[in-house]
Amino acid sequence: MSFENAPVTKGLMMGSALTSIIGGIFDVKHYLHLQLVPHVSRNHQYWRLLLHHTAFSNSSDLLIAEILLYGVGVHVERQFGSVKFASFAVASVLLATILEFLTLILFHNLGINQIPSGPSALLFSILYQWYRLIPPAYHFRIFGIAGSNKAFVYILASQLALGHLPGSFAPAAVGLLTGFIYRSELVNIKSWRLSPSIIRLSTRFLLPLVGSTRAPRRSTRARPETTHQAPSPDIGNEEIIATARPSPGTEETGGSVVREWVNELTGRNEQGTTGVRVPSDDEITQLTTMFPNMQRAVIVGALQRSPNIESAVELLLAS
């Protein structure tokens with residue numbers, strides 16, 4: 001999981017979190033929710049129709065929304081493409097605003113007079129697209145009840161829809177209806193796109209604020225690289241076998257094995273090779289064939305410390 005090819009979703013997550021935190025710090029949460037009476041009908045605070053989409057009023061709703069956006073929005077944006085997904089988000093917010101206002105007018109006598117703050121309608125509109133586009137990864141059965149991996153997402157979404165009844169259920173239903181309208185042919189808004197000028201401005205000024213969305217690249221090596229470290233003076237006479245290549249320009253000094261190997265190559269074995277076995281060319285060639293990625297110095301050192309070639313192979317495998 002990553003935000004690769006999903007910068008709009010990452011921007012929505014960052015924007016929702018930032019505005020919610022700012023609303024809590026400056027204690028302006030009472031301006032964020034949408035209420036028909038008296039804010040809209042009597043005080044004519046129509047700016048609440050759009051403002052209530054910007055931030056959540058509590059941290060629990062914010063946490064659930066962030067989890068849902070990360071698990072749902074990334075997949076939908078990759079299916080749509082970033083330009084279409086951004087256009088879909090703008091169209092969904094505008095359509096959901098109209099439907100929420102109509103819902104408050106029609107059902108305020110039934111107790112739906114207030115809609116909690118937060119982009120819940122947009123989130124459920126994205127959830128509907130995810131339901132239609134993304135197939136389940138696996139299925140399971142618990143006590144005879146069949147389910148899939150999507151059930152966990154629906155459980156989280158139900159917490160957001162049923163958290164502040166009856167007001168929290170309205171944006172959930174409106175969001176699902178908005179997603180259905182966008183996907184159907186009832187209103188021709190599926191083909192609508194943001195203007196190229198807005199896309200250019202967003203790419204130039206907003207995309208750098210979102211940051212990188214590239215996924216971390218995994219190495220194709222079967223074994224991890226090991227750093228080459230010189231033997232510590234506290235180790236004593238113990239020899240360390242390292243498979244990493246030495247850094248350019250460095251020389252391996254010290255250590256009886258390396259000195260004896262240099263003496264062997266330069267023909268100075270007569271200067272003192274007591275206690276160290278001199279491997280034959282056949283043994284060196286055989287181990288080089290068995291360990292093609294191993295340095296010659298390491299192979300020669302293993303043969304010098306081993307009584308026979310079998311022990312040298314075990315030593316190299318253990319290292």
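The values are calculated or read from the model by the stated rules, or taken from the named source; none is laboratory data. All figures in this text were calculated on a predicted structure; none of them were measured in a lab. We place every Cβ from the backbone using ideal geometry, glycine too, and count neighbours over all the protein chains shown. Accessible surface is based on the protein model in full, side chains and every heavy atom, while ligands, DNA and RNA are left aside. Shrake-Rupley method; radii C 1.70, N 1.55, O 1.52, S 1.80 Å.
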| request: Please give the number of the condition SER191 fails out of (1) under 16 Å from GLY73 (Cα atoms); (2) without any contact (Cβ under 8 Å) to a residue 12 or more places away in the chain. | output: (1)
| remark: Counted residues in the stretch 280-319 being touching a residue at least 24 places away in the same chain (Cβ under 8 Å), open to solvent by 100 Å² or more (accessible area, probe 1.4 Å) and in a helix (DSSP H, G or I) come to 0
| field | Verdict on PHE107 being in contact (Cβ under 8 Å) with a residue 24 or more places away in the chain and within 30 Å of ILE22 (Cβ to Cβ) | value | no
| Hey, PHE205 hits all of (1) part of a loop (DSSP other than H, G, I, E, B); (2) open to solvent by 70 Å² or more (accessible area, probe 1.4 Å) but one; which does it fall short on? | (1)
| task | Give me a count of the residues in the stretch 111-154 that are at negative phi, over 22 Å from the mean Cα position of the chain (by Cα) and without any contact (Cβ under 8 Å) to a residue 12 or more places away in the chain. | result | 7
| note | If you go through GLY179, GLY144, the only one that is more than 28 Å from LEU99 (Cα to Cα), in the same structural domain as VAL72 (by the TED database) and among the small types (Gly, Ala, Ser) is GLY144
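Matching residues to (1) among the hydroxyl-bearing types (Ser, Thr, Tyr); (2) open to solvent by 80 Å² or more (accessible area, probe 1.4 Å); (3) not assigned by the TED database to the domain that holds LEU206:
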{"residue": "VAL28", "(1), (2), (3)": "no, no, no"}
{"residue": "TYR31", "(1), (2), (3)": "yes, yes, no"}
{"residue": "PRO38", "(1), (2), (3)": "no, no, no"}
{"residue": "SER41", "(1), (2), (3)": "yes, no, no"}
{"residue": "LEU49", "(1), (2), (3)": "no, no, no"}
{"residue": "PHE56", "(1), (2), (3)": "no, no, no"}
{"residue": "LEU62", "(1), (2), (3)": "no, no, no"}
| task | Please name all residue pairs, on different chains or six or more residues apart, with Cβ atoms under 8 Å, provided the first residue is in the stretch 7-33 and is among the charged types (D, E, K, R) and the second residue is surrounded by fewer than 17 Cβ atoms within 10 Å (Cβ to Cβ). | result | LYS10/GLY211
